[in-house]
1. Which shape class, rounded, prolate or oblate, goes with region 1-140 when its Cα gyration tensor gives a ≥ b ≥ c as root eigenvalues, a/c under 1.5 marks rounded, and past that a/b bigger than b/c marks prolate?
2. Okay, helix-only estimate at 222 nm for the chain: each DSSP H run of n ≥ 4 adds -39500 (n - 2.57), divide by all residues, round to 500 deg cm²/dmol; what do you get?
3. Hey, rough spin-label estimate for Leu418 and Ser107, points 7 angstrom out along Cα→Cβ, what's it come to in nanometres?
4. Per residue, what volume in Å³ does the Cα convex hull of region 166-293 take up?
5. Rolling a 1.4 Å sphere over the protein heavy atoms, what is the accessible area per residue of the chain, to the nearest Å²?
6. So which of Lys222/Lys343; Lys167/Lys253; Lys190/Lys222; Lys222/Lys359; Lys111/Lys447; Lys112/Lys253 end up more than 23 Å apart by C-alpha?
7. Work out the length of the dipole vector of the chain about its Cα centre, built from +1 on the beta-carbon of each Lys and Arg and -1 on the beta-carbon of each Asp and Glu, and round it to the nearest 20 debye.
8. Can you tell me the equivalent ellipsoid semi-axes for the chain? Use √(5λ) from the Cα gyration tensor, largest first, whole Å.
Amino acid sequence: MALTGSDYILVLPLAVLGAGGLWSFLFGRCFPRATPWVITLAAMAPVVTAWRIYGDVMEGNPLYVRFTQILPPVGLSLYADGLGLFMFILVGFAGLLITLYSFGYESEDPKKYRFYAFLLFAMLGLAGVAIAGDLFTFFLFFEIMSLSIMGVVAQAETPDAYDASMKFLFLTVIASISLFLAVVITYHLKGSVDLVPNGAPMPQSSLAFLAFLGFLIAFGVKAGMVPLHIWLPDAHANAPSPGSALLSGLTVKTGAYGLIRVVYSVFGVVFMEETGWNRIILDMSVVTILVGSAAAIAQVGIKRRLAYSTVTQLGYVLMGVGLLSPVALVGAIYHIFTHCFMKGCLFMCAGSMIHTAKKRRIPDLAGIGLEMPVTMTGFTIAALTMVGVPPLNAFVSKWQLSLGALDKGAPLLVAVLLVSSIMNAAYYFPIVISAFFGKPGSRFVWKDSPWIMLVPLLILAVGCIVFTLAPVNWPLVLAERAARCVMGPGGFTP
(Lines give C-alpha, C1' and ligand atoms only; values in the text may rest on other atoms or scores of the structure.)
Protein backbone atom coordinates (compact mmCIF):
# COMPACT_ATOMS: atom_id res chain seq x y z
CA MET A 1 0.00 0.00 0.00
CA ALA A 2 2.06 2.89 -1.30
CA LEU A 3 1.28 6.53 -0.62
CA THR A 4 2.44 9.48 -2.67
CA GLY A 5 3.52 12.71 -0.98
CA SER A 6 0.18 14.36 -1.79
CA ASP A 7 -1.76 11.41 -0.41
CA TYR A 8 0.20 11.42 2.82
CA ILE A 9 -0.66 15.03 3.52
CA LEU A 10 -4.32 13.99 4.00
CA VAL A 11 -3.40 11.44 6.64
CA LEU A 12 -1.09 13.71 8.61
CA PRO A 13 -3.61 16.11 10.23
CA LEU A 14 -5.79 13.22 11.38
CA ALA A 15 -2.82 11.53 13.02
CA VAL A 16 -1.67 14.79 14.66
CA LEU A 17 -5.13 15.56 16.06
CA GLY A 18 -5.41 12.04 17.48
CA ALA A 19 -1.93 12.24 19.01
CA GLY A 20 -2.70 15.65 20.54
CA GLY A 21 -5.89 14.32 22.09
CA LEU A 22 -4.10 11.31 23.57
CA TRP A 23 -1.36 13.55 24.97
CA SER A 24 -3.86 15.82 26.69
CA PHE A 25 -5.83 12.89 28.10
CA LEU A 26 -2.82 10.88 29.34
CA PHE A 27 -0.14 13.47 30.11
CA GLY A 28 -1.92 16.83 30.41
CA ARG A 29 -1.70 16.98 34.20
CA CYS A 30 1.93 15.83 34.19
CA PHE A 31 3.09 18.58 31.82
CA PRO A 32 0.82 21.59 32.48
CA ARG A 33 3.16 24.06 30.78
CA ALA A 34 3.81 22.02 27.66
CA THR A 35 0.28 20.70 27.10
CA PRO A 36 -1.31 23.98 25.84
CA TRP A 37 1.44 24.19 23.22
CA VAL A 38 0.91 20.57 22.21
CA ILE A 39 -2.84 21.15 21.92
CA THR A 40 -2.36 24.34 19.90
CA LEU A 41 0.05 22.68 17.49
CA ALA A 42 -2.33 19.76 17.05
CA ALA A 43 -5.26 22.13 16.37
CA MET A 44 -3.14 23.91 13.76
CA ALA A 45 -2.58 20.72 11.73
CA PRO A 46 -5.76 21.04 9.60
CA VAL A 47 -5.01 24.72 8.91
CA VAL A 48 -1.51 23.94 7.71
CA THR A 49 -2.78 21.03 5.63
CA ALA A 50 -5.51 23.13 4.02
CA TRP A 51 -2.93 25.76 3.10
CA ARG A 52 -0.70 23.06 1.60
CA ILE A 53 -3.36 21.41 -0.59
CA TYR A 54 -5.36 24.53 -1.48
CA GLY A 55 -3.56 25.24 -4.75
CA ASP A 56 -3.87 21.69 -6.09
CA VAL A 57 -7.56 21.37 -5.29
CA MET A 58 -8.48 24.80 -6.64
CA GLU A 59 -6.69 23.95 -9.89
CA GLY A 60 -9.04 21.00 -10.30
CA ASN A 61 -6.74 18.29 -8.99
CA PRO A 62 -8.50 16.62 -6.05
CA LEU A 63 -6.41 14.46 -3.74
CA TYR A 64 -7.43 10.85 -3.24
CA VAL A 65 -6.05 7.81 -1.45
CA ARG A 66 -7.59 4.43 -0.70
CA PHE A 67 -6.44 1.96 1.96
CA THR A 68 -7.78 -1.30 0.51
CA GLN A 69 -6.12 -3.49 3.13
CA ILE A 70 -8.00 -1.85 6.01
CA LEU A 71 -11.50 -3.22 6.71
CA PRO A 72 -12.04 -4.99 3.34
CA PRO A 73 -13.92 -5.25 1.06
CA VAL A 74 -14.80 -1.55 1.25
CA GLY A 75 -11.57 -0.25 2.78
CA LEU A 76 -10.97 3.33 3.85
CA SER A 77 -10.44 6.29 1.55
CA LEU A 78 -9.73 10.01 1.83
CA TYR A 79 -10.80 12.47 -0.85
CA ALA A 80 -10.28 16.23 -0.95
CA ASP A 81 -12.20 18.04 -3.68
CA GLY A 82 -13.65 21.55 -3.65
CA LEU A 83 -16.45 20.74 -1.20
CA GLY A 84 -14.20 18.66 1.05
CA LEU A 85 -11.60 21.43 1.10
CA PHE A 86 -14.31 23.98 1.96
CA MET A 87 -15.38 21.96 5.00
CA PHE A 88 -11.80 21.10 5.93
CA ILE A 89 -10.85 24.81 6.00
CA LEU A 90 -13.81 25.55 8.28
CA VAL A 91 -12.90 22.72 10.62
CA GLY A 92 -9.29 23.85 10.80
CA PHE A 93 -9.85 27.59 11.19
CA ALA A 94 -12.88 27.51 13.51
CA GLY A 95 -11.47 24.58 15.47
CA LEU A 96 -8.23 26.46 16.16
CA LEU A 97 -10.13 29.55 17.37
CA ILE A 98 -12.38 27.43 19.60
CA THR A 99 -9.30 25.72 21.05
CA LEU A 100 -7.66 29.04 21.90
CA TYR A 101 -10.91 30.34 23.39
CA SER A 102 -11.20 27.23 25.55
CA PHE A 103 -7.82 27.99 27.18
CA GLY A 104 -9.44 31.03 28.80
CA TYR A 105 -12.85 29.53 29.47
CA GLU A 106 -11.57 26.26 30.97
CA SER A 107 -8.53 27.74 32.73
CA GLU A 108 -9.89 27.12 36.25
CA ASP A 109 -11.49 23.73 35.58
CA PRO A 110 -9.45 20.87 37.12
CA LYS A 111 -10.85 18.58 34.41
CA LYS A 112 -9.75 20.83 31.56
CA TYR A 113 -7.25 18.38 30.04
CA ARG A 114 -10.03 15.85 29.54
CA PHE A 115 -12.06 18.55 27.81
CA TYR A 116 -9.15 19.45 25.51
CA ALA A 117 -8.76 15.77 24.65
CA PHE A 118 -12.43 15.41 23.67
CA LEU A 119 -12.19 18.68 21.74
CA LEU A 120 -9.27 17.39 19.64
CA PHE A 121 -10.92 13.99 19.14
CA ALA A 122 -14.06 15.78 17.93
CA MET A 123 -11.94 17.81 15.51
CA LEU A 124 -10.39 14.55 14.31
CA GLY A 125 -13.86 13.22 13.54
CA LEU A 126 -14.91 16.47 11.88
CA ALA A 127 -11.80 16.62 9.71
CA GLY A 128 -12.23 12.97 8.73
CA VAL A 129 -15.85 13.55 7.74
CA ALA A 130 -14.79 16.49 5.57
CA ILE A 131 -12.32 14.45 3.53
CA ALA A 132 -13.98 11.02 3.62
CA GLY A 133 -13.79 9.42 0.19
CA ASP A 134 -16.59 6.91 0.73
CA LEU A 135 -19.62 6.44 2.93
CA PHE A 136 -18.00 3.79 5.10
CA THR A 137 -15.08 6.08 5.96
CA PHE A 138 -17.61 8.86 6.53
CA PHE A 139 -19.51 6.60 8.95
CA LEU A 140 -16.39 5.78 11.00
CA PHE A 141 -15.34 9.41 11.44
CA PHE A 142 -18.98 10.36 12.05
CA GLU A 143 -18.93 7.98 15.02
CA ILE A 144 -15.62 9.33 16.37
CA MET A 145 -17.04 12.84 16.25
CA SER A 146 -20.32 11.83 17.92
CA LEU A 147 -18.75 9.95 20.83
CA SER A 148 -16.30 12.80 21.43
CA ILE A 149 -19.10 15.36 21.48
CA MET A 150 -20.89 13.31 24.12
CA GLY A 151 -17.82 13.76 26.34
CA VAL A 152 -17.82 17.50 25.63
CA VAL A 153 -21.49 17.84 26.61
CA ALA A 154 -20.99 15.89 29.87
CA GLN A 155 -17.91 17.91 30.90
CA ALA A 156 -19.64 19.77 33.77
CA GLU A 157 -20.63 16.47 35.43
CA THR A 158 -23.94 17.89 36.65
CA PRO A 159 -27.21 15.91 36.49
CA ASP A 160 -28.46 18.17 33.68
CA ALA A 161 -25.21 17.70 31.75
CA TYR A 162 -25.44 13.91 32.11
CA ASP A 163 -29.08 13.98 30.99
CA ALA A 164 -28.19 16.12 27.97
CA SER A 165 -25.30 13.84 27.02
CA MET A 166 -27.50 10.75 27.32
CA LYS A 167 -30.17 12.35 25.17
CA PHE A 168 -27.48 13.17 22.62
CA LEU A 169 -26.22 9.58 22.81
CA PHE A 170 -29.72 8.18 22.31
CA LEU A 171 -30.29 10.28 19.18
CA THR A 172 -26.76 9.48 18.00
CA VAL A 173 -27.52 5.76 18.19
CA ILE A 174 -30.62 6.30 16.06
CA ALA A 175 -28.55 8.32 13.57
CA SER A 176 -25.79 5.72 13.51
CA ILE A 177 -28.15 2.79 12.88
CA SER A 178 -29.95 4.75 10.16
CA LEU A 179 -26.70 5.75 8.49
CA PHE A 180 -25.26 2.24 8.64
CA LEU A 181 -28.45 0.79 7.15
CA ALA A 182 -28.38 3.37 4.35
CA VAL A 183 -24.71 2.65 3.61
CA VAL A 184 -25.32 -1.12 3.42
CA ILE A 185 -28.30 -0.65 1.09
CA THR A 186 -26.28 1.71 -1.09
CA TYR A 187 -23.48 -0.84 -1.38
CA HIS A 188 -26.02 -3.54 -2.24
CA LEU A 189 -27.68 -1.47 -4.96
CA LYS A 190 -24.66 0.25 -6.49
CA GLY A 191 -21.81 -2.09 -5.64
CA SER A 192 -19.90 0.90 -4.29
CA VAL A 193 -20.11 3.50 -1.53
CA ASP A 194 -17.65 5.95 -3.09
CA LEU A 195 -18.32 9.67 -2.78
CA VAL A 196 -16.12 10.36 -5.79
CA PRO A 197 -18.20 11.68 -8.75
CA ASN A 198 -19.19 9.57 -11.77
CA GLY A 199 -20.18 6.54 -9.72
CA ALA A 200 -22.81 4.00 -10.79
CA PRO A 201 -26.39 5.36 -10.91
CA MET A 202 -28.79 4.49 -8.12
CA PRO A 203 -31.67 2.29 -9.35
CA GLN A 204 -35.18 3.37 -8.38
CA SER A 205 -36.70 0.95 -5.89
CA SER A 206 -38.26 0.71 -2.44
CA LEU A 207 -34.81 -0.19 -1.08
CA ALA A 208 -33.40 3.02 -2.56
CA PHE A 209 -36.13 4.99 -0.79
CA LEU A 210 -35.30 3.21 2.46
CA ALA A 211 -31.66 4.25 1.99
CA PHE A 212 -32.77 7.84 1.36
CA LEU A 213 -34.82 7.84 4.57
CA GLY A 214 -31.85 6.40 6.46
CA PHE A 215 -29.60 9.19 5.22
CA LEU A 216 -32.25 11.82 5.94
CA ILE A 217 -32.75 10.61 9.52
CA ALA A 218 -29.02 10.26 10.23
CA PHE A 219 -28.05 13.64 8.86
CA GLY A 220 -31.27 15.25 10.08
CA VAL A 221 -30.36 14.33 13.66
CA LYS A 222 -26.95 15.98 13.41
CA ALA A 223 -28.31 19.02 11.53
CA GLY A 224 -31.03 19.60 14.13
CA MET A 225 -33.84 19.04 11.63
CA VAL A 226 -37.28 19.18 13.24
CA PRO A 227 -38.49 16.86 14.82
CA LEU A 228 -35.05 15.25 15.26
CA HIS A 229 -33.65 18.37 16.95
CA ILE A 230 -34.66 17.51 20.52
CA TRP A 231 -31.09 16.83 21.68
CA LEU A 232 -29.72 20.17 20.52
CA PRO A 233 -31.12 22.76 23.01
CA ASP A 234 -30.18 20.69 26.07
CA ALA A 235 -26.72 19.90 24.70
CA HIS A 236 -26.00 23.56 24.04
CA ALA A 237 -27.38 24.73 27.37
CA ASN A 238 -25.26 22.29 29.39
CA ALA A 239 -22.03 22.02 27.40
CA PRO A 240 -19.19 24.44 28.17
CA SER A 241 -19.41 27.40 25.81
CA PRO A 242 -16.39 26.30 23.71
CA GLY A 243 -18.25 23.02 23.28
CA SER A 244 -21.39 24.90 22.25
CA ALA A 245 -19.36 26.84 19.69
CA LEU A 246 -18.02 23.54 18.36
CA LEU A 247 -21.49 22.00 18.28
CA SER A 248 -23.16 24.88 16.47
CA GLY A 249 -20.21 26.11 14.44
CA LEU A 250 -19.05 22.73 13.12
CA THR A 251 -20.80 19.58 14.37
CA VAL A 252 -24.29 20.33 13.05
CA LYS A 253 -22.69 21.15 9.69
CA THR A 254 -21.73 17.51 9.24
CA GLY A 255 -25.43 16.72 8.86
CA ALA A 256 -25.86 19.31 6.13
CA TYR A 257 -22.56 18.33 4.51
CA GLY A 258 -23.49 14.64 4.51
CA LEU A 259 -26.87 15.40 2.95
CA ILE A 260 -25.20 17.41 0.17
CA ARG A 261 -22.85 14.51 -0.52
CA VAL A 262 -25.53 11.82 -0.74
CA VAL A 263 -28.06 13.91 -2.68
CA TYR A 264 -25.54 14.88 -5.37
CA SER A 265 -22.94 12.09 -5.29
CA VAL A 266 -25.01 9.00 -4.32
CA PHE A 267 -28.44 9.73 -5.83
CA GLY A 268 -27.83 12.57 -8.28
CA VAL A 269 -29.94 15.53 -9.39
CA VAL A 270 -31.78 13.66 -12.16
CA PHE A 271 -32.72 10.82 -9.83
CA MET A 272 -33.97 13.19 -7.12
CA GLU A 273 -36.05 15.19 -9.62
CA GLU A 274 -37.59 12.06 -11.16
CA THR A 275 -38.56 10.61 -7.79
CA GLY A 276 -39.53 13.92 -6.22
CA TRP A 277 -37.79 12.97 -2.98
CA ASN A 278 -36.20 16.40 -2.81
CA ARG A 279 -39.64 17.78 -1.91
CA ILE A 280 -39.41 15.86 1.38
CA ILE A 281 -36.23 17.79 2.19
CA LEU A 282 -37.91 21.06 1.20
CA ASP A 283 -40.95 20.42 3.38
CA MET A 284 -38.78 19.50 6.35
CA SER A 285 -36.66 22.62 5.82
CA VAL A 286 -39.70 24.91 6.01
CA VAL A 287 -40.92 23.22 9.21
CA THR A 288 -37.41 23.43 10.68
CA ILE A 289 -37.05 27.13 9.88
CA LEU A 290 -40.41 28.18 11.32
CA VAL A 291 -40.40 25.92 14.39
CA GLY A 292 -36.82 26.87 15.26
CA SER A 293 -37.60 30.58 14.97
CA ALA A 294 -40.76 30.36 17.07
CA ALA A 295 -39.05 28.32 19.77
CA ALA A 296 -36.11 30.73 19.92
CA ILE A 297 -38.41 33.67 20.67
CA ALA A 298 -39.84 31.83 23.70
CA GLN A 299 -36.46 31.17 25.38
CA VAL A 300 -35.13 33.21 28.32
CA GLY A 301 -31.77 31.46 28.58
CA ILE A 302 -29.19 32.96 26.23
CA LYS A 303 -27.67 29.62 25.16
CA ARG A 304 -31.04 27.96 24.61
CA ARG A 305 -32.12 30.86 22.42
CA LEU A 306 -28.94 30.52 20.39
CA ALA A 307 -29.49 26.76 20.18
CA TYR A 308 -32.96 27.09 18.65
CA SER A 309 -31.56 29.73 16.31
CA THR A 310 -29.13 27.07 15.09
CA VAL A 311 -32.10 24.87 14.22
CA THR A 312 -33.49 27.69 12.09
CA GLN A 313 -30.21 28.40 10.32
CA LEU A 314 -29.65 24.76 9.38
CA GLY A 315 -33.14 24.82 7.89
CA TYR A 316 -31.81 27.34 5.37
CA VAL A 317 -29.10 24.91 4.32
CA LEU A 318 -31.62 22.07 3.98
CA MET A 319 -33.71 24.32 1.74
CA GLY A 320 -30.72 25.02 -0.48
CA VAL A 321 -30.04 21.29 -0.81
CA GLY A 322 -33.65 20.36 -1.53
CA LEU A 323 -34.14 22.96 -4.27
CA LEU A 324 -31.65 21.13 -6.55
CA SER A 325 -30.67 24.50 -8.00
CA PRO A 326 -27.03 25.46 -8.65
CA VAL A 327 -27.61 28.94 -7.24
CA ALA A 328 -29.41 27.60 -4.17
CA LEU A 329 -26.65 25.03 -3.61
CA VAL A 330 -24.07 27.83 -3.62
CA GLY A 331 -26.24 29.65 -1.08
CA ALA A 332 -26.47 26.54 1.10
CA ILE A 333 -22.72 25.93 1.05
CA TYR A 334 -21.98 29.61 1.66
CA HIS A 335 -24.44 29.61 4.57
CA ILE A 336 -22.52 26.74 6.15
CA PHE A 337 -19.54 29.09 6.18
CA THR A 338 -21.34 32.19 7.40
CA HIS A 339 -23.25 30.31 10.11
CA CYS A 340 -19.97 28.89 11.38
CA PHE A 341 -18.64 32.43 11.83
CA MET A 342 -21.71 34.16 13.23
CA LYS A 343 -22.94 31.38 15.52
CA GLY A 344 -19.42 30.55 16.70
CA CYS A 345 -19.04 34.22 17.61
CA LEU A 346 -22.42 34.33 19.37
CA PHE A 347 -21.70 31.30 21.53
CA MET A 348 -18.27 32.66 22.41
CA CYS A 349 -19.89 35.94 23.43
CA ALA A 350 -22.48 34.09 25.50
CA GLY A 351 -19.66 32.10 27.09
CA SER A 352 -17.85 35.32 27.98
CA MET A 353 -20.96 36.63 29.70
CA ILE A 354 -21.33 33.40 31.65
CA HIS A 355 -17.63 33.13 32.48
CA THR A 356 -16.98 36.75 33.45
CA ALA A 357 -20.34 38.28 34.42
CA LYS A 358 -21.97 35.02 35.62
CA LYS A 359 -25.14 35.83 33.68
CA ARG A 360 -27.11 33.24 31.70
CA ARG A 361 -30.65 34.64 31.51
CA ILE A 362 -31.56 37.23 28.90
CA PRO A 363 -33.43 39.51 31.37
CA ASP A 364 -30.21 39.74 33.41
CA LEU A 365 -28.20 41.10 30.45
CA ALA A 366 -29.57 44.64 30.73
CA GLY A 367 -26.67 47.10 30.65
CA ILE A 368 -24.03 44.43 30.01
CA GLY A 369 -22.97 46.24 26.85
CA LEU A 370 -21.34 48.92 29.06
CA GLU A 371 -19.86 46.31 31.37
CA MET A 372 -18.46 44.12 28.58
CA PRO A 373 -18.28 46.42 25.53
CA VAL A 374 -15.93 44.29 23.41
CA THR A 375 -17.95 41.13 23.93
CA MET A 376 -21.25 42.84 23.17
CA THR A 377 -19.83 44.54 20.07
CA GLY A 378 -18.95 41.11 18.72
CA PHE A 379 -22.40 39.82 19.71
CA THR A 380 -24.10 42.74 17.93
CA ILE A 381 -22.19 42.21 14.68
CA ALA A 382 -22.97 38.49 14.69
CA ALA A 383 -26.63 39.14 15.54
CA LEU A 384 -27.01 41.62 12.67
CA THR A 385 -25.42 39.04 10.40
CA MET A 386 -27.88 36.41 11.60
CA VAL A 387 -30.81 38.63 10.67
CA GLY A 388 -29.37 39.08 7.18
CA VAL A 389 -28.66 42.81 7.25
CA PRO A 390 -26.66 43.79 4.12
CA PRO A 391 -23.75 43.76 3.46
CA LEU A 392 -23.07 41.12 6.12
CA ASN A 393 -22.43 37.49 5.18
CA ALA A 394 -25.87 35.98 5.77
CA PHE A 395 -27.43 38.48 3.36
CA VAL A 396 -25.39 36.89 0.56
CA SER A 397 -26.49 33.35 1.37
CA LYS A 398 -30.16 34.34 1.78
CA TRP A 399 -29.94 36.23 -1.53
CA GLN A 400 -28.59 33.10 -3.27
CA LEU A 401 -31.25 30.90 -1.67
CA SER A 402 -33.98 33.32 -2.75
CA LEU A 403 -32.72 33.36 -6.34
CA GLY A 404 -32.62 29.57 -6.33
CA ALA A 405 -36.21 29.40 -5.03
CA LEU A 406 -37.40 31.78 -7.76
CA ASP A 407 -35.51 29.79 -10.40
CA LYS A 408 -37.47 26.72 -9.31
CA GLY A 409 -40.79 28.59 -9.26
CA ALA A 410 -41.17 28.55 -5.47
CA PRO A 411 -41.77 32.16 -4.36
CA LEU A 412 -43.37 30.93 -1.12
CA LEU A 413 -39.93 29.79 0.02
CA VAL A 414 -38.69 33.36 -0.38
CA ALA A 415 -41.55 34.44 1.88
CA VAL A 416 -40.46 31.83 4.44
CA LEU A 417 -36.93 33.29 4.39
CA LEU A 418 -38.29 36.81 4.88
CA VAL A 419 -40.58 35.79 7.74
CA SER A 420 -37.71 33.94 9.38
CA SER A 421 -35.46 37.01 9.12
CA ILE A 422 -38.13 39.10 10.85
CA MET A 423 -38.39 36.48 13.59
CA ASN A 424 -34.58 36.48 13.90
CA ALA A 425 -34.73 40.22 14.51
CA ALA A 426 -37.48 39.66 17.10
CA TYR A 427 -35.25 37.49 19.30
CA TYR A 428 -31.86 39.13 18.70
CA PHE A 429 -32.52 42.88 18.61
CA PRO A 430 -34.10 43.07 22.10
CA ILE A 431 -30.92 41.52 23.55
CA VAL A 432 -28.72 44.12 21.85
CA ILE A 433 -30.97 47.06 22.74
CA SER A 434 -31.25 45.99 26.36
CA ALA A 435 -27.50 45.38 26.61
CA PHE A 436 -26.57 48.91 25.54
CA PHE A 437 -29.59 50.93 26.67
CA GLY A 438 -31.11 48.90 29.49
CA LYS A 439 -30.62 49.65 33.15
CA PRO A 440 -28.36 47.09 34.85
CA GLY A 441 -29.76 45.26 37.83
CA SER A 442 -26.53 45.48 39.81
CA ARG A 443 -23.38 47.55 40.17
CA PHE A 444 -21.14 47.84 37.08
CA VAL A 445 -18.03 45.69 37.13
CA TRP A 446 -16.41 47.27 34.02
CA LYS A 447 -14.49 44.13 33.20
CA ASP A 448 -14.45 42.25 29.93
CA SER A 449 -13.16 38.73 29.34
CA PRO A 450 -9.45 37.79 29.06
CA TRP A 451 -7.79 38.49 25.72
CA ILE A 452 -7.46 34.77 24.96
CA MET A 453 -11.27 34.69 24.82
CA LEU A 454 -11.83 38.06 23.16
CA VAL A 455 -9.44 37.64 20.22
CA PRO A 456 -11.14 34.51 18.75
CA LEU A 457 -14.64 36.01 18.98
CA LEU A 458 -13.48 39.28 17.45
CA ILE A 459 -11.83 37.42 14.55
CA LEU A 460 -15.14 35.67 13.88
CA ALA A 461 -17.03 38.98 14.18
CA VAL A 462 -14.71 40.65 11.67
CA GLY A 463 -15.19 37.63 9.39
CA CYS A 464 -18.93 38.38 9.34
CA ILE A 465 -18.15 41.66 7.56
CA VAL A 466 -14.85 41.65 5.75
CA PHE A 467 -15.46 39.08 3.00
CA THR A 468 -18.50 40.84 1.51
CA LEU A 469 -16.64 44.17 1.42
CA ALA A 470 -13.56 42.74 -0.30
CA PRO A 471 -13.14 43.08 -4.10
CA VAL A 472 -13.51 39.28 -4.34
CA ASN A 473 -15.68 37.38 -1.87
CA TRP A 474 -13.25 34.52 -1.32
CA PRO A 475 -15.64 32.17 0.58
CA LEU A 476 -18.26 32.69 -2.15
CA VAL A 477 -15.70 31.70 -4.78
CA LEU A 478 -14.94 28.59 -2.72
CA ALA A 479 -18.66 27.83 -2.39
CA GLU A 480 -19.10 28.08 -6.17
CA ARG A 481 -16.13 25.77 -6.71
CA ALA A 482 -17.56 23.33 -4.18
CA ALA A 483 -20.98 23.35 -5.87
CA ARG A 484 -19.34 22.76 -9.24
CA CYS A 485 -17.48 19.76 -7.82
CA VAL A 486 -20.60 17.99 -6.56
CA MET A 487 -22.90 18.89 -9.46
CA GLY A 488 -20.35 18.39 -12.22
CA PRO A 489 -19.46 20.94 -14.90
CA GLY A 490 -22.56 20.13 -16.95
CA GLY A 491 -24.96 20.66 -14.07
CA PHE A 492 -23.54 23.89 -12.73
CA THR A 493 -24.23 27.31 -14.25
CA PRO A 494 -23.51 30.10 -11.74
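The values are calculated or read from the model by the stated rules, or taken from the named source; none is laboratory data. Quantities reported herein were computed from a predicted structural model and do not represent experimental measurements. FYI the Cβ positions are ideal-geometry reconstructions off the backbone, even for glycines, and counts take in every protein chain you see. We work out accessible area using only protein heavy atoms, side chains counted, and drop any ligands, DNA or RNA first. Shrake-Rupley method; radii C 1.70, N 1.55, O 1.52, S 1.80 Å.
1. Numbers: a/c = 2.36, a/b = 1.74, b/c = 1.35.
The shape class here is prolate.
2. The per-residue figure over the chain is -24000 deg cm²/dmol.
3. 4.8 nm
4. 103 Å³
5. Each residue of the chain exposes 37 Å² on average to a 1.4 Å probe.
6. Violating the 23 Å Cα-Cα cut-off are Lys190/Lys222; Lys222/Lys359; Lys111/Lys447; Lys112/Lys253.
7. Numbers: 28 positive and 22 negative charges, 204 e Å.
Value, rounded to 20: 980 debye.
8. Working: eigenvalues 224, 146, 83 Å².
For the chain, the semi-axes come out at 33, 27, 20 Å.
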